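Trainee: So that we are looking at the same thing, I have put the structure below in structure tokens.
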Number of protein chains: 2
Amino acid sequence: METYLFWIVPAASLLALVLAGYFYRQMMQESEGTPAMQKIASHVRKGAMSYLKQQYKVVAWVFAVLVVLFAVMAYGFNLQNSWVPVAFLTGGFFSGLAGYLGMKTATYASARTANAARSSLNKGLRIAFRSGAVMGLVVVGLGLLDISFWYLLLDHCVPEDMMNPTSKLCMITTTMLTFGMGASTQALFARVGGGIYTKAADVGADLVGKVEAGIPEDDPRNPATIADNVGDNVGDVAGMGADLYESYCGSILATAALGAAAFIGSGNTDMQFKAVIAPMLIAAVGILLSIIGIFTVRTREGENMKELLQALSRGTNLSSLLIVAATFGILWLLNITNWQYIAWAVVVGLAVGIIIGRSTEYYTSQSYKPTRKLSESGKTGPATVIISGIGLGMISTTIPVIAVVAGIILSYWLASGFDLSNISMGLYGIGIAAVGMLSTLGITLATDAYGPIADNAGGNAEMCELGEEVRKRTDALDSLGNTTAATGKGFAIGSAALTGLALLASYIEEIRIGLERLGNTVLQLPGGESVPLHKASFTDFMIYYDVTLMNPKVLSGMFIGSMMAFLFCGLTMNAVGRAAAHMVEEVRRQFREIKGILEGKAEPDYARCVAISTQGAQKEMLFPSLLAIIAPILTGLIFGVPGVIGLLTGGLSSGFVLAIFMANAGGAWDNAKKYVEEGNFGGKGSEVHRATVVGDTVGDPFKDTSGPSLNILIKLMSMVAIVMAGLTVSWSLF
Amino acid sequence: METYLFWIVPAASLLALVLAGYFYRQMMQESEGTPAMQKIASHVRKGAMSYLKQQYKVVAWVFAVLVVLFAVMAYGFNLQNSWVPVAFLTGGFFSGLAGYLGMKTATYASARTANAARSSLNKGLRIAFRSGAVMGLVVVGLGLLDISFWYLLLDHCVPEDMMNPTSKLCMITTTMLTFGMGASTQALFARVGGGIYTKAADVGADLVGKVEAGIPEDDPRNPATIADNVGDNVGDVAGMGADLYESYCGSILATAALGAAAFIGSGNTDMQFKAVIAPMLIAAVGILLSIIGIFTVRTREGENMKELLQALSRGTNLSSLLIVAATFGILWLLNITNWQYIAWAVVVGLAVGIIIGRSTEYYTSQSYKPTRKLSESGKTGPATVIISGIGLGMISTTIPVIAVVAGIILSYWLASGFDLSNISMGLYGIGIAAVGMLSTLGITLATDAYGPIADNAGGNAEMCELGEEVRKRTDALDSLGNTTAATGKGFAIGSAALTGLALLASYIEEIRIGLERLGNTVLQLPGGESVPLHKASFTDFMIYYDVTLMNPKVLSGMFIGSMMAFLFCGLTMNAVGRAAAHMVEEVRRQFREIKGILEGKAEPDYARCVAISTQGAQKEMLFPSLLAIIAPILTGLIFGVPGVIGLLTGGLSSGFVLAIFMANAGGAWDNAKKYVEEGNFGGKGSEVHRATVVGDTVGDPFKDTSGPSLNILIKLMSMVAIVMAGLTVSWSLF
């Protein structure tokens, strides 16, 4: 066994963390600008930190309850192994930590970016991008650190005397999935809570400030301005950090579990070990290549927008190309069965991510026809803007779905050695495609995370009245970020679909372990055949539990899964609506009661708006998030294994399509408004502009609350099902 | 064999048609009112008829192409039996005829209703309701007529020398499904075309008339008024007629096919025959009971609204109660295995329909909290109205999904004799539940169809300036219709879900026949077992084709199915948006160019608006409708049987949830506006009113174009898959 190769994983993770620390220090050495700028930045920072503290308190309670539940299941009823409660906790902790560190960096970086933008566009870009890179590197670094730690711990502690030697790695990899559930739980709260916070503030600030009072965005006279800027940090930075930490770990862990499963029947522990560490190695090498990519993002003074965009793209493209080459190298070295075809799955994964990203860009950027037509529909008022935006969003689901379907079939087909009946290897290929897609997360997340930093820098510049030129530069940085973020979003959503499938397979693995734990050694198939449990294939389990599409329990699960996606979105949409309504009332009250506020003579009460967003988010995030945890448990208790698989696949297929619809409709509304603001169809202040502002406001919770939360919902439901598999196999109503 | 029982079916159908003729004549004897009223009515009638003529021309071309395709498949390649092309045509013809007759009645009835309302509310109700009953009776009468005709024809013509005696009934019932496809195709065009027509006119009339010019609904100064009234007829009457003809026949045919399949292995042709005619008999008796119900809807002079509602409810409740009792009688007489449990499935079906209807009412009526809160969200502008409405609609999917899931499990469990592994009988129970739900369609459709008649009567009254009192009475009739229609919609959507499942099973039957046609006699299962084809169970087919949720082809199909639902809605939403935009421009142009139009001194050019809606609908309906036909064929050619089943289940689960979301969000927006118009939150003309008008406009295509078309989409995709099964089993790419 090439066990020494494994050490690349923790080494890469430490390197990422050290470099993140270096970039952080570099950024901190920059000046934060004038006292006014420092004051605003400190307001935002305090608001963001106090929100995060509040949120982590609530989440800590949820974790406490779940850990007690897991402990009872593991130690009281032997329905889970004893590592589950602890692994769950570390996943939650690291996911939260990634969000915290990313957000801390962002809140320190925004004023520094604004200050740097006073001297040049390039300096601003460098600070913002390097600060974004801190987030990217922290996420991948902490992710692989947690994975390495648990792998080593379990490898050391799990006794060798299992039913058969290959079972040990299966036990290790499925236990590690538990920390994926911890990460997903934390991520869902972060996304939902942060998403409600940021959009309540944003919608509230826009509706009263922009629409009613007619003052510009980020104007210091608007009482909700600070809350709005805090929101960018807690939603778009901390939320995204926790989210992508979860996606990253989820794809690696699910693929490792599939690797262990693919060779369970063969008895070939050497090959099994290689299949388990392959996704970790791809991720580890991806970190190194991301770092190379980050360093190639250099800009010369006086470059224009197009050149800056090229500089950013150069970094990500280089990393992507290198990871393809490196994957062939890694798999060749490991010499896994079919390695040359499996390696192509990484190419497939990257291609799917790029296609989804490009399609997102086409449907949501004002450089293309769909969004321009959406702007034009504003001529007939807000109603047609909404109708057209919903139409556009729904139609825009076509290309991503076709891309994902092609990706599923191709990566499966390749990894199975062109034999569709080789399910284990085929599914492993799907997992590898997801890992490939996210392997360069270190740099893609950097280009994603720098957007909100630039956005906040713009807010700071506006509030401190740094002048047109500086604001223009931060706007340029912001819009540059929007373009690169489209690709990043494509990767996030595409990987969610593929990881969702991989997790489905991991669920079956967990069912196998659950049955073993209950003392079963064979699967008695309905035809009369008996299959030894540790040799049973995926198809055997499907037949044993009748997970076919004629089983009413499977179909019921599918209906519930589809419903869950809609219900979850509905709850989060309404939460934003309610919290925003409170914000609107508060801002109106301040405009009414605090005299001289609109003339800039009196200071608004920023803190109250921050408090309203905080309370709203805390109150509203709990129910939808808990629902995501309860639904798979309840479905399992009522409909058993077939019901749960129905739930997961129904939720996955509906949720994926719904997520793309919401993200793209929201993005298109945002940019349709910007297109009008650029002077088209009457420009700012025209009737068309007012109509598109309505679209933009509706789009806010679409693209920043409900849509991205769906990605996590899909995976969290799978993770819960996996962790609860022991309970499901031991009892169900039907 | 109790073959004499079958004759009840054609007898009931003829009775329904005769009675429809009687009601029609009765209505025609009433006076159409003043010359002005006659003139308006004739305008609307001509517009509606000319639209329908235009639409049937386009649809005829589509049918011609499909018939040629089917003929080639049947006569050229032996991939289908020789009756398919003809059966397909009759289904389309009768579905179109039902829509045509219903619409003809409605266009003659509206002015007569308005005229009757001049003397009393009761007289208006009677004419409108009896005219609605014409539609109800025509739909059920033509449905059972077509079913009887084909049953007798095939029974007479199909040779007895099939592979085994029970195969004959299977062949007959699955061939009859082909005319279901004809009906579905016609229905989809009618719903989509009619839906685009009516909403383009409605949105156009509202946006310029109500919002910009501030004139009331149906004002004769609005050039789009006639088009708007025509739209009610072509969309809400002709579209709904074709739609429910399809649902009605679909549920009966699918259940008959399941009945034939349930006893295919037993060799018990007697029992098989009984299982086939049971759904037809339930429907036939349902017609008789509907007629009884229709005659009990009597009102005394001077009754108030509540008493009128009670009169309507009395009719439908009585019919529902009687059908339950009658079903027990029919099944006892037939003495089918487990008859006492199967009969309970009808109770389950009716209960599910009522629960969905009640939940629709709760979420969309201004008598309850959700819609009132939606109105209140108008205080913060149109954006929050849209956000809250979407939230409300998404959340409102919960109860219907739980009801349908409970209905599936219960009716399956009952009919299987409490043995979940008895799949054939269980699925038959689901079919019976759907048939039970729609058995009283004769009267529920009457209460549904009378709504648009009352609506048009109101339009006529407004345009002819018949005065406040008359308009008030027609409005009362209209809102009475809205309440009863909620239950009707619950039945339509609930039955779509159950029929969708039954059709899934019919697809497997068609696969069996397709394999037989190719010369197969056994299914070679992967475990090594061989099962004789005519004895193979549903599970055997699932295992043979690996239709499990770990097969990437199944999962790919599911993704595509979910996407289809969204894409289809997106296309129809956009179609309405585009057609409405043309209408807005035209109305604005007329207001601008025709002098004196707003002062009532010059007559607007109604005909041009009618022409714009007609052209818009014709142009826009083709692509989405064809897509629904092409998608299952293409999926079959690429991914084979597992892909098609994935497509159908994915489309069913996502489409069902999406349809409820859209219908309820649209309904709630409509009534939220009405609630404000009733004087709440500032009443008509306030800012809140303006905000809720935006919601109402967005809701129009939600509830009247995209939402209801989805019901048909779900079933049409299944029907296409069934008819194309011969092609799918003979060749696929993967």
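Trainee: From A:Gly695, A:Gly682, grab the single residue that is at pLDDT 90 or above, farther than 27 Å from A:Gly557 by Cβ and surrounded by fewer than 24 Cβ atoms within 10 Å (Cβ to Cβ).
Mentor: On the way: A:Gly695 fails: surrounded by fewer than 24 Cβ atoms within 10 Å (Cβ to Cβ).
Sole residue among the options that is at pLDDT 90 or above, farther than 27 Å from A:Gly557 by Cβ and surrounded by fewer than 24 Cβ atoms within 10 Å (Cβ to Cβ): A:Gly682.
Trainee: Which is more than 26 Å from A:Ala497 (Cα to Cα), touching a Ser or Thr at 6+ places or on another chain (Cβ under 7 Å) and assigned to a helix (DSSP H, G or I), of A:Ala205, A:Ala260, A:Ala256?
Mentor: Numbers: A:Ala260 fails: more than 26 Å from A:Ala497 (Cα to Cα); A:Ala256 fails: more than 26 Å from A:Ala497 (Cα to Cα).
Within the list A:Ala205, A:Ala260, A:Ala256, the selection yields A:Ala205.
Trainee: Just the residues that are within 23 Å of the chain's Cα centre (by Cα) and facing another protein chain (nearest Cβ under 9 Å), please, taken from region A:634-654.
Mentor: Scanning region A:634-654 gives A:Ile645, A:Leu648, A:Thr649, A:Gly650, A:Leu652, A:Ser653, A:Ser654.
Trainee: Right, here's the next one. Suppose we keep only residues that are of a type in the set (D, E, K, R) and more than 9 Å from chain A (Cβ to nearest Cβ) within region B:531-549. Which one would you say is nearest to A:Gly500 (Cα to Cα)? Before you say what the answer is, go through the steps one by one.
Mentor: The initial filter retains those residues of region B:531-549 that are of a type in the set (D, E, K, R), namely B:535, B:540, B:546.
Then drop every residue that is not more than 9 Å from chain A (Cβ to nearest Cβ), which leaves B:535, B:540.
Values: B:Lys535: 37, B:Asp540: 28 Å.
For region B:531-549, the residue satisfying everything is B:Asp540.
Trainee: Failed condition for A:Ser479, given (1) within 12 Å of chain B (Cβ to nearest Cβ); (2) out of contact with any Ser or Thr (no Cβ under 8 Å at 6 or more places or on another chain); (3) farther than 25 Å from A:Gly265 by Cβ; (4) surrounded by fewer than 24 Cβ atoms within 10 Å (Cβ to Cβ), with all others met?
Mentor: It fails just one condition, (1).
Trainee: Continuing with this model, one more query. Which one of these is surrounded by fewer than 19 Cβ atoms within 10 Å (Cβ to Cβ), modelled with pLDDT under 90, in a helix (DSSP H, G or I) and not polar (S, T, N, Q): A:Tyr22, A:Tyr75?
Mentor: A:Tyr75
Let's see how each residue does on (1) among the hydrophobic types (A, V, I, L, M, F, W, C); (2) under 24 Å from B:Ala485 (Cβ atoms); (3) surrounded by fewer than 20 Cβ atoms within 10 Å (Cβ to Cβ); (4) more than 25 Å from the chain's Cα centre (by Cα):
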site: B:Val297; (1), (2), (3), (4): yes, yes, no, no
site: B:Lys306; (1), (2), (3), (4): no, yes, yes, yes
site: B:Leu321; (1), (2), (3), (4): yes, yes, yes, no
site: B:Ile330; (1), (2), (3), (4): yes, no, no, yes
site: B:Thr337; (1), (2), (3), (4): no, no, yes, yes
site: B:Ala345; (1), (2), (3), (4): yes, no, no, no
site: B:Val348; (1), (2), (3), (4): yes, yes, no, no
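Trainee: Test A:Val84 against the stated conditions and say whether it is among the hydrophobic types (A, V, I, L, M, F, W, C) and under 19 Å from the mean Cα position of the chain (by Cα).
Mentor: no
Trainee: When residues of region B:128-158 are filtered for being over 24 Å from the mean Cα position of the chain (by Cα) and part of a helix (DSSP H, G or I), how many remain?
Mentor: Qualifying residue count, region B:128-158: 6.
Condition check ((1) touching a helix residue (DSSP H, G or I) at 6+ places or on another chain (Cβ under 6 Å); (2) facing chain B (nearest Cβ under 9 Å); (3) more than 30 Å from A:Val352 (Cβ to Cβ)) across all residues:
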site	(1), (2), (3)
A:Ser495	yes, no, no
A:Gly528	no, yes, yes
A:Pro552	yes, yes, yes
A:Ala579	yes, no, yes
A:Glu593	no, no, yes
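Trainee: Would you point out which residue out of B:Leu627, B:Leu634, B:Leu622, B:Leu648 is crowded, with 24+ Cβ neighbours inside 10 Å and either modelled with pLDDT of 90 or more or in a helix (DSSP H, G or I) (or both)?
Mentor: The unique qualifying residue is B:Leu648.
Trainee: Same structure, new question: Out of curiosity, is B:Pro604 surrounded by 18 or more Cβ atoms within 10 Å (Cβ to Cβ), within 11 Å of chain A (Cβ to nearest Cβ) and farther than 30 Å from B:Lys379 by Cβ?
Mentor: The answer is no for B:Pro604.
Trainee: A further question follows. With the condition kept exactly as written, say whether any residue in region B:655-667 is away from chain A (no Cβ under 13 Å), within 16 Å of B:Thr364 (Cα to Cα), surrounded by fewer than 24 Cβ atoms within 10 Å (Cβ to Cβ) and out of contact with any Gly (no Cβ under 6 Å at 6 or more places or on another chain).
Mentor: No, because not a single residue in region B:655-667 is away from chain A (no Cβ under 13 Å), within 16 Å of B:Thr364 (Cα to Cα), surrounded by fewer than 24 Cβ atoms within 10 Å (Cβ to Cβ) and out of contact with any Gly (no Cβ under 6 Å at 6 or more places or on another chain).
Trainee: Considering A:Asn422, A:Asn456, which residue is more than 9 Å from every other protein chain (Cβ to nearest Cβ), in contact with an Asp or Glu (Cβ under 6 Å, 6 or more places away or on another chain) and among the polar types (S, T, N, Q)?
Mentor: Checking each option against the conditions leaves just A:Asn456.
Trainee: Tell me, which residue of region B:397-412 that is of a type outside the set (A, V, I, L, M) and within 8 Å of chain A (Cβ to nearest Cβ) is nearest to B:Gly695 (Cα to Cα)?
Mentor: The selected residue is B:Thr397.
Trainee: Could you tell me which of the residues A:Gly557, A:Gly528, A:Gly494 is closer than 30 Å to B:Val644 by Cα, at pLDDT 90 or above and among the small types (Gly, Ala, Ser)? Lay out the reasoning, then the answer.
Mentor: Values: A:Gly528 fails: at pLDDT 90 or above; A:Gly494 fails: at pLDDT 90 or above.
Answer to the check: A:Gly557.
Trainee: Now, a different point. Filter region B:221-253 for residues that are part of a loop (DSSP other than H, G, I, E, B) and closer than 17 Å to B:Lys46 by Cα; which is farthest from the chain's Cα centre (by Cα)?
Mentor: Taking the candidates together, the pick is B:Pro223.
Trainee: Still on this model: Is region A:455-468 home to any residue that is without any contact (Cβ under 8 Å) to a residue 12 or more places away in the chain, assigned to a helix (DSSP H, G or I) and under 30 Å from A:Asn115 (Cα atoms)?
Mentor: Yes: one or more hits.
Trainee: For B:Phe734, indicate whether it is over 20 Å from A:Gly381 (Cα atoms), within 10 Å of chain A (Cβ to nearest Cβ), touching a helix residue (DSSP H, G or I) at 6+ places or on another chain (Cβ under 7 Å) and modelled with pLDDT under 95.
Mentor: So B:Phe734 passes the test.
Trainee: Any residue at all in region A:437-447 that's closer than 27 Å to B:Met563 by Cα and either under 27 Å from the mean Cα position of the chain (by Cα) or crowded, with 24+ Cβ neighbours inside 10 Å (or both)?
Mentor: Scanning region A:437-447 turns up at least one residue that is closer than 27 Å to B:Met563 by Cα and either under 27 Å from the mean Cα position of the chain (by Cα) or crowded, with 24+ Cβ neighbours inside 10 Å (or both).
Trainee: With touching a residue at least 60 places away in the same chain (Cβ under 8 Å) and not in a helix (DSSP H, G or I) as the only criterion, which of A:Thr337, A:Thr360, A:Thr327, A:Thr316 stands out? Let's see the steps before the verdict.
Mentor: Details: A:Thr360 fails: not in a helix (DSSP H, G or I); A:Thr327 fails: not in a helix (DSSP H, G or I); A:Thr316 fails: not in a helix (DSSP H, G or I).
A:Thr337 is the lone residue from the list that is touching a residue at least 60 places away in the same chain (Cβ under 8 Å) and not in a helix (DSSP H, G or I).
Trainee: Got a sec? Which of B:Asn680, B:Asn711 is more than 10 Å from chain A (Cβ to nearest Cβ), farther than 28 Å from A:Met564 by Cβ and among the polar types (S, T, N, Q)?
Mentor: B:Asn680
Trainee: OK, next. Name the residues in region B:266-289 that are within 16 Å of B:Val139 (Cβ to Cβ) and either outside any helix (DSSP H, G or I) or not hydrophobic (A, V, I, L, M, F, W, C) (or both), would you?
Mentor: Answer for region B:266-289, where residues must be within 16 Å of B:Val139 (Cβ to Cβ) and either outside any helix (DSSP H, G or I) or not hydrophobic (A, V, I, L, M, F, W, C) (or both): just B:Gly286.
Trainee: Given the criteria in a loop (DSSP other than H, G, I, E, B) and within 16 Å of B:Asn482 (Cα to Cα), does B:Ser367 qualify?
Mentor: Judged against the criteria, B:Ser367 is a match.
Trainee: Here are A:Ala60, A:Ala11: which of them is surrounded by fewer than 19 Cβ atoms within 10 Å (Cβ to Cβ) and under 17 Å from A:Asp146 (Cβ atoms)?
Mentor: A:Ala11
Trainee: Can you tell me how many residues within region A:372-387 are within 27 Å of B:Ala631 (Cβ to Cβ) and either more than 7 Å from chain B (Cβ to nearest Cβ) or modelled with pLDDT under 95 (or both)?
Mentor: 2
Trainee: Just one of the numbered conditions (1) surrounded by fewer than 24 Cβ atoms within 10 Å (Cβ to Cβ); (2) away from every other protein chain (no Cβ under 11 Å); (3) at pLDDT 90 or above; (4) within 28 Å of the chain's Cα centre (by Cα) is not true of A:Leu503; which one?
Mentor: Tallying (1) surrounded by fewer than 24 Cβ atoms within 10 Å (Cβ to Cβ); (2) away from every other protein chain (no Cβ under 11 Å); (3) at pLDDT 90 or above; (4) within 28 Å of the chain's Cα centre (by Cα), A:Leu503 fails exactly one: (1).
The values are calculated or read from the model by the stated rules, or taken from the named source; none is laboratory data. Small disclaimer: the values here were computed from a predicted structure and weren't measured. Neighbour counts run over all protein chains shown; Cβ positions are idealised from the backbone, glycine included.
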